[in-house]
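Structure record follows, encoded as structure tokens.
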Amino acid sequence: MLAVIVLWVVMGLHNTLEVTSYVIKISDLPKELDGTKIVQLSDLHYQCFGEQNEKLAELIEAENPDVIVITGDTIDGTKEYFTPIACLLARISKICPVYAVSGNHELDSEYYYGKLLQLYEKYGVKELRNESVHFTKNDADIVFYGIPYGMGLENMKMAEEADVAVLLAHDPQIAEYVTNYGYDVMFSGHLHGGVVRIPFVGGLLGTDREFFPKYDGGLYRCGNMTMVNARGLGQSPFAPRFYNNPEIVSVTLSADS
């Protein structure tokens, strides 16, 4: 019996980087955007996969995305470990446009956050701070809007006119409050998949130390908006990942037919 328990624990702590793929159907999606792929990275927390993040970059490249989004907590508090981040950004920025928003840990240190922003600028990553950017594919238009972590919703903007409107926000818990803002899809992270996941049950711990967080990872329907909550890539400071593989999220937009 003891051997079974030990095996179960060891298997739970064996974290393998994986790609989680979703198809999101959007009514009236123009045929020009059918099949558009958005890859999401969230909560890296300085984690490194392979030498200088080579494994992470290779998996992203294999997805051949049209857009890459980074939904916060790329850095971790006041630590300094920027070389793997720089190597990752150097590679993925050559694939397609990369858009980012801040998470709570970007706000822990103005100095280290500033260093991250310097890397974003160097590699052409656009961090969205209560602003939008338009991505055009075959004459069709996707607007990406980013809300910085901690910004009050009273300052949030309605979706601009576009064929598809995408919201980037680190905290998934705002989703139910922004369903009338006109966004079709929201990408978020923050909760690390519940950190400790119980097989067939779900996430046990939220990063705000609440039990059984509502948005512990996956797709959620909030009004007319679909939210994608990534389980993230890095480690939580208060518990190791357990049956909770770090993930890259790959979303394909599809016509609702």
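Tabulated values for the structure
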{"item": "Residue among GLN118, GLN40 that is surrounded by 18 or more Cβ atoms within 10 Å (Cβ to Cβ) and among the polar types (S, T, N, Q)", "result": "GLN40"}
{"item": "Members of segment 32-61 found to be in contact with a strand residue (DSSP E or B) (Cβ under 8 Å, 6 or more places away or on another chain) and either over 16 Å from ALA100 (Cβ atoms) or of a type in the set (Val, Ile, Thr) (or both), listed by number", "result": "GLU32, LEU33, ASP34, GLY35, THR36, LYS37, ILE38, VAL39, LEU59, ILE60"}
{"item": "Qualifying residues in segment 82-136 (those that are part of a helix (DSSP H, G or I) and among the β-branched types (Val, Ile, Thr)) - the one nearest to VAL166 (Cα to Cα)", "result": "ILE92"}
{"item": "Tally, over segment 137-150, of residues that are under 17 Å from VAL67 (Cβ atoms) and part of a strand (DSSP E or B)", "result": "8"}
{"item": "Cβ pairs under 9 Å, 6+ apart, first in segment 155-168 and buried (at least 16 other Cβ atoms within 10 Å of the Cβ), second part of a loop (DSSP other than H, G, I, E, B) and β-branched (Val, Ile, Thr)", "result": "MET156/VAL178; VAL164/THR36; LEU167/VAL178"}
{"item": "Subset of segment 18-59 [among the acidic types (Asp, Glu), under 14 Å from ARG91 (Cα atoms) and out of contact with any Gly (no Cβ under 8 Å at 6 or more places or on another chain)]", "result": "GLU51, GLU54"}
{"item": "Residue match in segment 151-166 (condition: closer than 14 Å to VAL67 by Cβ, part of a strand (DSSP E or B), of a type in the set (Gly, Ala, Ser) and touching a Pro at 6+ places or on another chain (Cβ under 9 Å))", "result": "no"}
{"item": "Filter result for the condition that a residue is β-branched (Val, Ile, Thr), under 20 Å from LEU44 (Cβ atoms) and either in contact with a Phe, Trp or Tyr (Cβ under 8 Å, 6 or more places away or on another chain) or surrounded by fewer than 20 Cβ atoms within 10 Å (Cβ to Cβ) (or both), over ILE75, ILE142, ILE147", "result": "ILE75"}
{"item": "GLU58 being within 19 Å of the chain's Cα centre (by Cα) and open to solvent by 60 Å² or more (accessible area, probe 1.4 Å)", "result": "yes"}
{"item": "So GLU127, is it within 25 Å of GLY206 (Cα to Cα), open to solvent by 10 Å² or more (accessible area, probe 1.4 Å) and of a type in the set (D, E, K, R)", "result": "no"}
{"item": "Subset of segment 198-220 [open to solvent by 50 Å² or more (accessible area, probe 1.4 Å), in a strand (DSSP E or B) and either modelled with pLDDT of 70 or more or touching a strand residue (DSSP E or B) at 6+ places or on another chain (Cβ under 6 Å) (or both)]", "result": "PHE211, LEU219"}
{"item": "Residue within segment 86-94 that is in contact with a Lys or Arg (Cβ under 9 Å, 6 or more places away or on another chain), closer than 23 Å to MET151 by Cβ and crowded, with 23+ Cβ neighbours inside 10 Å present", "result": "no"}
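The values are calculated or read from the model by the stated rules, or taken from the named source; none is laboratory data. Since the structure is predicted, the reported quantities are computational estimates derived from the model, not experimental observations. When we count neighbours, we look across all protein chains shown, and the Cβ atoms used for this are built from the backbone with ideal geometry, even at glycine. When the accessible area is computed, the model is the full protein with side chains, heavy atoms only, and any ligands, DNA or RNA have been set aside. Shrake-Rupley method; radii C 1.70, N 1.55, O 1.52, S 1.80 Å.
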